[in-house]
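Participant: First the structure, which I've put down as structure tokens, then a few questions once you've had a look.
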Amino acid sequence: MARRMVAATGVIAALVMTAGCSESNAKREYDVPKALCGVPLDPGLVSPLLPAGKEIKVRKARPVPSRENCRVDVDGHWAMTLNLEWWEEDVASALVASGNPQLEKTQLSSDGNYYSGTGAVELVKGCTNPGHAGQLLYTSLQISDPDLGDTTAMKKLATAFTETIGRSDECP
């Protein structure tokens, strides 16, 4: 019985060590796109928040007129979303942030936006669109892997994304 326990312990230890080694050796074999869903972004801002893997796919959807979703998948699994969300002017930004599950434990930052290592919500300042009269545009970003969470990196990406959207056709 003792031999079986020692053997089982050895097998478990070997599996744990192998799993740990394979994680640390994981590499990004795909090129980070220079634009996500038509929005030009510096790959250096996107890269720290994406996991290792072989293949990246980006797709855009507009499920309702007030929302546009940009989903990034790595090896067939959700890795990141970058959303545009039109909200009524009288809706508090805290309500907008509450719709982003990656912001559960965050507070309003000094710049009036919300950031965590795995999510962000920013107001696109000065954005008006005749198709969305009486509404404000927000960006909402999320990543799936909490191990990649980095508040500074998320804030940089969210700010770059939001500023680019503010200069886009979404805000004529």
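The values are calculated or read from the model by the stated rules, or taken from the named source; none is laboratory data. Just so we're clear, the structure is a prediction, and the values are computed from it rather than from any experiment. Note: ideal-geometry Cβ built from the backbone for every residue, glycine included; neighbour counts use all protein chains shown. All accessible areas refer to the heavy atoms of the entire protein, side chains included, with ligands and DNA or RNA removed. Shrake-Rupley method; radii C 1.70, N 1.55, O 1.52, S 1.80 Å.
Participant: Can you list residues from other chains, or at least 5 along the same chain, whose modelled amide H is less than 5 Å from the amide H of TYR30?
Facilitator: GLY53
Participant: Looking at the chain, how many pairs of lysines come closer than 16 Å at the Cα, when each pair is eight or more places apart or spans two chains?
Facilitator: Going through the chain pair by pair, I get 6.
Participant: Additional query: Go ahead and set up a Gaussian network model of the chain, Cα springs under 10 Å, then flag whichever of ASN69, ASN25, ASN83 fluctuates most.
Facilitator: Ranking ASN69, ASN25, ASN83 by mean-square fluctuation puts ASN25 first.
Participant: Using 1/(1 + (r/R0)^6) with R0 = 22 angstrom and r between the beta carbons of ARG28 and TRP78, what's the FRET efficiency to the nearest 0.05? Walk me through the intermediate numbers first.
Facilitator: Values: r = 16 Å, r/R0 = 0.75.
Step by step, r from the Cβ atoms, then E = 0.85.
Participant: Now, a different point. When the accessible area of the chain is computed with all protein chains present and a 1.4 Å probe, what percentage of it is carbon and sulfur?
Facilitator: Roughly 55 percent, rounded to a whole number.
Participant: What number comes out for accessible area per residue over the chain if the probe is 1.4 Å? Units Å², please. If you can, show how the numbers build up before the last one.
Facilitator: On the way: 10110 Å² over 172 residues.
That works out to 59 Å² per residue.
Participant: Treating the angle as unsigned and between 0 and 90°, give the value, to the nearest 10°, between the Cα long axis of helix 151-166 and the longest Cα principal axis of the chain.
Facilitator: It works out to around 30 degrees.
Participant: Can I ask one more? Can you give me the relative contact order of the stretch 41-172 as a percent, contacts being Cα pairs under 8 Å and 6 or more apart? Spell out each step's value before the answer.
Facilitator: Numbers: 259 pairs, mean separation 32.2, N = 132.
For the stretch 41-172, the relative contact order is 24 percent.
Participant: Using a Gaussian network model of the chain with C-alpha springs under 10 Å, which one of SER110, SER66, SER98 is most mobile by mean-square fluctuation?
Facilitator: Comparing SER110, SER66, SER98 in a Gaussian network model of the chain, the most mobile one is SER110.
Participant: Of VAL124, GLY99, TRP78, which is farthest along the charge dipole of the chain in the positive direction, counting Lys and Arg as +1 and Asp and Glu as -1 at C-beta?
Facilitator: TRP78
Participant: To the nearest 10 degrees, how steeply does helix 2-24 sit against the main Cα axis of the chain, on a 0 to 90 scale?
Facilitator: Rounded to the nearest ten degrees, it is 30.
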